[in-house]
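Colleague: Dumping the structure here so I can ask a few things about it.
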Amino acid sequence: MELTELRKKLFDNGTIYALKTGRGLVIETADMFLPAKSEKPVKIKGSNLKKGCWVIGISVMSGCPVGCCFCDTAGRYYGSLTAQEMIGQVDFILNKKPDVDPSSLDEFRISFAQMGEPFYNLGNIHKAMIRLQERFPHAVFVLNTVGVKLPQAVDDLLQLGKEVYNIQLQFSLHTTSEVYRNELLGPVKKLSFKEIASVVDGWRVLPNNWKRKVDLYFMMTEGIFFDVDFVTRIFNPKDVQIRLNLSDDRLARQGRMAGTTC
C-alpha cells in the first residue's frame, strides 16, 4: 500500500502524520503512547516502549461529512477508505518502529477514530478488522462514532461485533442535551440517547465483546451541558463507562470529575 508522508507534528507522547494515499486522498494517522497508571503523558525516547498502551490511530475517510462544529474537517468529505488503505496506515506506523513488538506491551490498540465517521464505512472497517485480528490476535480495536442514524448501520455494527472480538465501542456524545448535541455534532440525523442505549444493550450480549463496557465520551468545555444523573437514567451503569476529556483542568483539581486513560 502506497502512502506518502506529507508532514508530521510531534507531541510528548507521540506523532500525528498527514499522509496521501495512492488515490491522492489526504488522511491523518497517529502514533501515540499512553503510560500505565499515570495521568501525565511521558516523552518517548526512540522506540523505548515497554509498559503501557501503544495506540495507532487510523482514518476511515478523507475528511468527514458529519460536520461537527469543533472538527477541523469542517464537514468537507473527499472519500471513504478501503480496507487496505486502513491496514496500510497501521503498517506505516509499524515500519517507523521495526524494533517494537506490539505483543510485548500491556496493551496494543488500533483506533478507527482519527478521521471520518465509522458508521458511513462499516463494511470496509469490518474487512480491515478481520485481517488485522488475524495478524494481531491480542489487539484492542477502538471504534468511535457519534451515532449517525443510517438504515443498516446498527445491524452492520452488531454483525461486526459478532465476528471481531475485543472491540472497544465508544459513542462520542459530548453533552447530555439532545438539542445541544444536534447543534454540536453536525446536521446529520443521529440516534437518540435511548436508541444508543438500545444499541448498547444489543452489543453487551455479544459473546466476543461483552467483557468491555461501552464508552460514553464527553468533551468537557465551558458551556457544555452535562448531567450524570441523566446518563444513569438512560444507560445501565453495568454496561457503560463515562470518559471525560477535561479541557478545563480546574474541574479535575477540584475533584469534581475524573477522566480515564488507556
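The values are calculated or read from the model by the stated rules, or taken from the named source; none is laboratory data. These numbers were taken from a predicted model, which means no experiment stands behind them. Note: ideal-geometry Cβ built from the backbone for every residue, glycine included; neighbour counts use all protein chains shown.
Colleague: Given the criteria at pLDDT 95 or above, assigned to a strand (DSSP E or B) and not small (Gly, Ala, Ser), does LEU157 qualify?
Modeller: Judged against the criteria, LEU157 is not a match.
Colleague: Any residue that is closer than 23 Å to TYR77 by Cα and either among the basic types (Lys, Arg) or within 16 Å of the chain's Cα centre (by Cα) (or both) - is there at least one of those in region 197-218?
Modeller: no
Colleague: Which residues, taken from region 217-243, are surrounded by 14 or more Cβ atoms within 10 Å (Cβ to Cβ), at pLDDT 90 or above and part of a loop (DSSP other than H, G, I, E, B)?
Modeller: PHE235, ASP239
Colleague: Go through (1) modelled with pLDDT under 90; (2) within 16 Å of the chain's Cα centre (by Cα); (3) among the hydroxyl-bearing types (Ser, Thr, Tyr) for SER59 and report which single condition fails.
Modeller: All conditions pass for SER59, except number (1).
Colleague: If I filter region 154-168 down to residues being more than 13 Å from MET129 (Cα to Cα) and touching a helix residue (DSSP H, G or I) at 6+ places or on another chain (Cβ under 6 Å), which single residue comes out as surrounded by the most Cβ atoms within 10 Å (Cβ to Cβ)?
Modeller: Top of the filtered list is VAL154.
Colleague: Six or more apart or on different chains, Cβ under 6 Å: which pairs go from a residue in region 145-165 that's under 19 Å from ALA83 (Cβ atoms) and of a type in the set (Gly, Ala, Ser) to one that's crowded, with 19+ Cβ neighbours inside 10 Å and modelled with pLDDT under 95? Could you list them?
Modeller: Here the result reads GLY161/ASN209, each pair linking region 145-165 to a residue that is crowded, with 19+ Cβ neighbours inside 10 Å and modelled with pLDDT under 95.
Colleague: Please go through region 171-216 and pick out each residue that is over 15 Å from ASN236 (Cα atoms), touching a residue at least 40 places away in the same chain (Cβ under 8 Å) and not in a loop (DSSP other than H, G, I, E, B).
Modeller: Result: SER172, TYR180, GLU183, LEU184, LYS190.
Rundown of residues vs (1) modelled with pLDDT of 95 or more; (2) surrounded by fewer than 19 Cβ atoms within 10 Å (Cβ to Cβ); (3) in contact with a Leu (Cβ under 9 Å, 6 or more places away or on another chain), yes/no style:
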position: ASN13; (1), (2), (3): no, yes, yes
position: ALA18; (1), (2), (3): yes, yes, yes
position: LYS37; (1), (2), (3): no, yes, no
position: PRO41; (1), (2), (3): no, yes, yes
position: ILE44; (1), (2), (3): no, no, no
position: GLU85; (1), (2), (3): yes, no, yes
position: GLY88; (1), (2), (3): yes, no, yes
position: LYS97; (1), (2), (3): no, yes, yes
position: PRO102; (1), (2), (3): no, no, yes
